[in-house]
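Visitor: Pasting a structure below so you can have a look.
Read-outs throughout are calculated quantities, based only on the coordinates presented, and are distinct from any laboratory measurement. Keep in mind that this is a model prediction, so the values were computed, not measured. Every residue, glycine as well, gets a Cβ built from its backbone with ideal geometry; the counts of neighbours run over all protein chains shown.
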Amino acid sequence: MRFPFRTKKEKAPAPKPKKSALREWGDAMMFAVVCATFIRWLTFEAFAIPSSSMEKSLLTGDYLLVSKLHYGSRTPMTPVQVPLTHQTIWGTHLPSFSDIVQLPAYRLPGFSEVQHNDPVVFNHPE
C-alpha cells in the first residue's frame, strides 16, 4: 500500500490586512455592549426607586444594585430591544423595545428565596 507524501514545502498563508483604527474601536465597542447586556441580564442591574412606598428605609430617587443571581433573572419578553435601556430610549419618549416578537415569560432559577424585609423590584405600573 502506498501513502502519498508531500515533498514540497507548503506556503505559509498570506498575512491578513491590518484593521483600521475605526474598525478596531467599532469591534471593541460592539464587544463591550454585548458583554454589558449579558452581565445586566444575568447577574445584576441598577434600579432607581420611583415612588415613596419604602420611605422609612429607602427614599425616592435612591439607586439599588439588584443581584439577579440570588432570586433568578427573568428572560426577555422581546428579543428586539435597544441595548442598555429600560423602557424608553435616553432623552426621548420612544419605547426601547418592539412588540413584534413576544416570548413567554420565564424566570431562571436563583440561589436563594426572598426573605422578610428584602427589597423587591417589580415593574412599575403606568
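Visitor: Report Rg/Rh for region 31-126, rounded to two decimals, where Rg is the Cα radius of gyration and Rh the Kirkwood radius.
Guide: When Rh is taken as the Kirkwood radius, the ratio is 0.97.
Visitor: Which GluC sites (Glu not before Pro) in region 16-118 sit in a loop by DSSP (not H, G, I, E or B) and have at most 12 other Cβ atoms within 10 Å of their own Cβ?
Guide: For GluC sites (Glu not before Pro) across region 16-118 that sit outside H, G, I, E and B with at most 12 neighbouring Cβ atoms in 10 Å, the list reads Glu55, Glu113.
Visitor: If neighbour count is taken as other Cβ atoms inside 10 Å, put Phe97, Phe31 in order from fewest to most.
Guide: Phe31, Phe97
Visitor: Out of Lys11, Lys56, Lys19, any idea which swings most in a Gaussian network model of the chain, alpha carbons joined below 10 Å?
Guide: Of Lys11, Lys56, Lys19, the Gaussian network model singles out Lys11 as fluctuating most.
Visitor: Mean-square fluctuation check for the chain, GNM, Cα pairs under 10 Å: which of His70, His93, His116 is largest?
Guide: Of the options given, His116 has the highest mean-square fluctuation.
Visitor: If you don't mind, another one. Taking the Cα centre of the chain as origin and charging only Cβ (+1 Lys, Arg; -1 Asp, Glu), how large is the dipole, in debye to the nearest 20?
Guide: Computed about the Cα centre, the dipole is about 1580 debye.
Visitor: Another question, if that's okay. Total Lys pairs in the chain closer than 27 Å by alpha-carbon, pairs eight or more apart in sequence or interchain only?
Guide: Lysine pairs meeting both conditions in the chain amount to 4.
Visitor: With springs only between Cα atoms under 10 Å, which of Met30, Met54, Met77 fluctuates most in a Gaussian network model of the chain?
Guide: Top of the fluctuation ranking is Met54.
Visitor: Once amide H atoms are placed 1.01 Å from N in the peptide plane, what residues at a sequence separation of 5 or more from Thr88, or on another chain, have their amide H within under 5 Å of its amide H?
Guide: Answer set, sorted by chain and number: Ser96.
Visitor: So how tilted is helix 21-42 from the main axis of the chain? Cα-based, degrees 0 to 90, rounded to 10.
Guide: That helix lies at roughly 50 degrees to the long axis.
Visitor: Here's another thing I want to ask about it. Any idea how far apart Ala21 and Val121 come out in nm if each label point goes 7 Å out from Cα toward Cβ?
Guide: Result for the modelled spin labels: 3.8 nm.
Visitor: Now, a different point. Non-local amide H neighbours of Ser73 (under 5 Å, H modeled in plane, Pro and chain starts lacking H): which ones?
Guide: Long-range HN contacts for Ser73: Leu108.
Visitor: Can you compute the helix-only [θ] at 222 nm over the chain? Use -39500 (n - 2.57) per DSSP H run of at least 4 residues, normalise by all residues, nearest 500 deg cm²/dmol.
Guide: The per-residue figure over the chain is -6500 deg cm²/dmol.
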